[in-house]
Structures are given as C-alpha cells and as structure tokens.
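Rule-based calculations on the coordinates, nothing more; no lab input. Only a predicted model underlies this, so the values are computations on that prediction, with no experimental measurement involved.
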Amino acid sequence: MRKKIVAGNWKMNTTVAEGVALAKDLVAALGQVPSDVNLVVAPPFVHLTSVGEVIADSKIALSAQNCANKAKGAYTGEVAAAMIAGVGCEYVILGHSERRQYYGETSATLVEKMALAFENGLKPIYCVGEMLAEREAGNHFAVVRAQIEEVLFGLTAEQMANVVIAYEPVWAIGIGVTATSEQAQEIHAFIRKVLAEKFGALAEEITILYGGSCKPSNAKELFACPDIDGGLIGGAALKAADFIAIAQSY
C-alpha cells in the first residue's frame, strides 16, 4: 500500500516564534489525524532547528524547502543538503515551480540536488507541473514527462523508492483555483504510467501528491482519486485547523 502523505510547505511565511506556535498546535491535534496518514512540515530554513525540536517525538516529519546543488564551499546564502540533514530533516522539496520560475532552476541543477539529497539520506519530494500557457496549448503531458525523464530516469530503483512526487498545476497555485478531480487524476495516472516505463511495477508503490490549492473543502474529493496519495499544501498549511482538516479528509 502506498504511503499517504499530507505535507505543508510554509514557503517564506511565519517568524520563528510563529512557526514554533504552529508546530505546537499541530502536535496537539495529532490525535485527530488517521493513524495511516503521515504528516510532513517544511518551514523556512531558519525555523528548522526550533520546529524540529517541537515535533521531535511526534509522527510529524521535518522537511526543508530546498537545498543547494553544491556540497559545501564559497556559496554565500546557500544551504547544503548535509546541513539540513544535520538538523533532523527527513525530506527535502526539490524542483518546486517557484524555484523553477523565479530562480531559473533547470533539470541539470535538479539532478545535482537530487544526488546530494540521496548522499545525505534525505528523501526528495520532487515537484512537477505545467504553466497555464503549457496546459492551454495542450503540452502539459509533454512538459511533465520531460520533468520526470530528465531528473528521475537516472536514479536507481532503490533511490526511486524513496522519492515522493508532487504534481503542481502551476496555473492553480496561489490564486485559489483547483484542478478538477478528473484533471488531477488524469495527470497523476499519467505520471505513474511514465514512471512504469522506466521502473516497472515500482511505479505502483510511489506516492504522488497533489499540490495545487488543496484545502479542506476539496481535499476529500481529490484524495478519493485512485492515483492521488495526499497533498503538498501551501496556504492552508499555515493554519493548524485547516492542515489537520485536510489530513482528516482520508
């Protein structure tokens, strides 16, 4: 059975004090979450140690939002995979649409980051997805295929078994629009099909999350789709009640 994950990407939001308070609220509400649903939080880098201490003895896993494509050195402002592993992160988000769009991350860069993540025992949450113009042009399948083939097809089966994929309809992020459950299921099934071309039956075991304006009002319908195994949550992850409600949607 595939792992069910609800992951919260806090992005560049909350002070450390606010993040710690949010983490405490989540820990306090864990009794409301189904036992087979795994929670992950991805606070800003400067929060990782403090939030990690709050969730240390809970079922909530810690993730970083990104890592550098270099192991160490004179790269001012960058944070290495070894550093985030050293503060207790289990996961790292790689290839988020905002990193691709605003910071010019390419598949070549992400291959380097993926390798460093594995070298340091981190599990990548790898994001794929198309822009509005790409969907309107009917190119969404080709775009997602390329993102998978260029970054994931060089992995071993053992490495791939530790990757979580998050599909982001980039045209839905941050504007409150959500792909219909039919649209979401269609692309999730396509992702699994592409993975099967390289990794065979392992594709059926890979967790694929939906990452486009998932909220308490639509999570249940999305999570009912056969190829959607949870969500990568943005804005709704900043309110403990909403995040927990999404997890309860299972």
*Using a Gaussian network for the chain with springs between C-alpha atoms less than 10 Å apart, which of these wobbles most: 203, 108, 236?*
108
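Taking 0.36 nm per intervening residue step and subtracting the Cα-Cα distance, what contour gain separates residue 180 from residue 2 on full extension? Walk me through the intermediate numbers first.
On the way: separation 178, 0.36 × 178 = 64.08 nm, distance 2.24 nm.
Between residue 180 and residue 2, full extension yields 61.8 nm more.
For region 1-126, what is the relative contact order in percent, using Cα pairs closer than 8 Å and at least 6 residues apart in sequence? Working shown, then result.
Working: 186 pairs, mean separation 27.8, N = 126.
Result for region 1-126 is 22 percent.
For region 41-119, state the semi-axes of the equivalent ellipsoid (square roots of 5 times the eigenvalues of the alpha-carbon gyration tensor), sorted largest first and rounded to whole angstrom. Intermediate values should be presented prior to the final figure.
Numbers: eigenvalues 98, 36, 26 Å².
Sorted largest first and rounded, they come to 22, 13, 11 Å.
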*q = 0.18, 0.20, 0.25, 0.28 Å⁻¹, region 7-60: log10 I(q)/I(0) [Debye, one scatterer per Cα]*: -0.54, -0.66, -0.99, -1.19
*Could you check which residue among 43, 34, 169 shows the biggest mean-square fluctuation in a GNM of the chain with a 10 Å Cα cutoff?*
34
*asked:* What three numbers, in Å, describe the spread of the alpha carbons of region 4-240 along their principal axes, ordered from the longest?
replied: 44, 44, 33
*Would you please give the residues with an amide H less than 5 Å from that of residue 92, counting only those at least 5 places away or on a separate chain, with H modeled from the backbone geometry?*
64, 123, 125
*Given the options 89, 67, 225, which has the most mean-square fluctuation in a GNM of the chain, springs set between C-alpha atoms less than 10 angstrom apart?*
225
